[in-house]
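Asker: Quick one: the structure is below, and I'll ask about it shortly.
The values are calculated or read from the model by the stated rules, or taken from the named source; none is laboratory data. Worth saying up front: this structure is predicted, and the values here are computed from it rather than measured. We place every Cβ from the backbone using ideal geometry, glycine too, and count neighbours over all the protein chains shown. Protein only, heavy atoms only, side chains kept; ligands, DNA and RNA dropped before computing areas. Shrake-Rupley method; radii C 1.70, N 1.55, O 1.52, S 1.80 Å.
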Amino acid sequence: AAFQAADELRRIQRLCQWLGRSGGPIVQLDALGREIWQQSPAFQPLRQLIERLLVTYDWGQALIAVNGILKPIFDRLWFEHLVGVAERHHDEVLEKTLSSLGDDGRWHEAWFSELSQLALTSDAGNAAAAARTVDEFRPLVAQAVQALLPAFGRLLGDEGARAYVWRELDVALDAHLGHAGLVAQANEEARDGQPG
């Protein structure tokens with residue numbers, strides 16, 4: 001987790017360096033970014049979700065919501081789908097930067113999956129708590145992504161292409177949750193009639 005935190009700081013640094021290459025004054029870029037984050041309807045579901053996670057004091061719930069659901073979807077959006085956009089726009093620096101940061105994201109998913117599997121097998125109570133967290137936060141993450149995709153305009157294609165991107169992200173999240181042992185547990189509890 002500590003190495004992941006360092007990777008997240010590196011992501012911010014690299015993306016800020018790329019933005020700095022745009023030639024626009026940093027103060028103006030910062031003000032525009034802040035305005036979009038605080039005012040744009042496309043960003044409000046994501047903003048509300050992040051604010052909620054900032055006050056989620058149950059460590060396990062926060063870990064599953066962030067590393068199990070939110071981060072894998074956004075990592076794929078930014079570090080896989082936008083790599084193609086950078087490539088189509090011949091921005092080799094951004095393409096290589098995003099690809100490298102995507103490698104970090106795959107490692108983050110791997111360590112989380114190992115930890116999740118260990119937690120699920122070490123204490124029977126963890127499975128029900130994890131399933132509740134997935135059930136609670138997955139729809140919120142889906143809402144945030146679906147609200148955000150139109151903000152990319154035609155960068156990701158038309159409405160049909162954006163719907164395809166969403167389906168790919170959702171399928172990838174299913175695979176990630178399955179590898180972490182979280183989807184199978186939720187499905188098993190639903191079959192057993194236990195609360196999820």
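Asker: Express the carbon and sulfur contribution to the solvent-accessible surface of the chain as a percent, rounded to the nearest whole number, probe 1.4 angstrom. Numbers along the way, then the final one.
Answerer: Numbers: 6510 of 11140 Å².
Carbon and sulfur: 58 percent of the exposed surface of the chain.
Asker: Given the peptides 56-65, 10-19, 136-145, arrange them by the average over their residues of other C-beta atoms within 10 Å, most packed first. The partial results should precede the final answer.
Answerer: Working: 56-65: 15.7, 10-19: 13.4, 136-145: 18.6.
For the peptides 56-65, 10-19, 136-145, the packing ranking is 136-145, 56-65, 10-19.
Asker: Here's another thing I want to ask about it. Kindly list the residues of segment 61-94 that lie in the label zone of Ala129, defined by a backbone N under 20 Å from the point 7 Å along the Cα-to-C-beta vector.
Answerer: 61-70
Asker: Given the C-alpha centroids of segment 46-86 and segment 134-148, what is the distance between them in whole angstrom?
Answerer: Between the Cα centres of segment 46-86 and segment 134-148 lies a distance of 10 Å.
Asker: Also: How much accessible area per residue does the chain have, in Å², with a 1.4 Å probe? Don't skip to the answer; put the middle values down first.
Answerer: Numbers: 11140 Å² over 196 residues.
Computed with neighbouring chains in place, this is 57 Å² per residue.
Asker: Could you tell me which label, among (1) 17.8, 59; (2) 21.9, 68; (3) 16.7, 53, carries the value of Rg and Dmax of the Cα atoms in Å calculated for this structure?
Answerer: Identified label for the calculated read-out: (1).
Asker: Let me ask something else about it. Say R0 is 22 Å: what FRET efficiency, to the nearest 0.05, do Gln143 and Trp37 get from their beta-carbon distance? Please report the intermediate quantities before stating the final value.
Answerer: Details: r = 17 Å, r/R0 = 0.77.
Once the sixth-power term is evaluated, E becomes 0.85.
Asker: Hey, what do the phi angles of segment 154-165 turn into as Karplus ³J(HN,Hα) couplings, whole Hz, using 6.51/-1.76/1.60 and θ = phi - 60°, x for Gly and Pro?
Answerer: Per residue, the Karplus-derived 3J(HN,Hα) values read 8, 4, 9, x, 7, 4, x, 5, 5, 5, 5, 4 Hz.
Asker: May I pose another question? Mind telling me which of Glu109, Glu168, Glu35 comes out most flexible in a GNM of the chain, alpha-carbon contacts under 10 Å?
Answerer: Maximum among the listed residues: Glu35.
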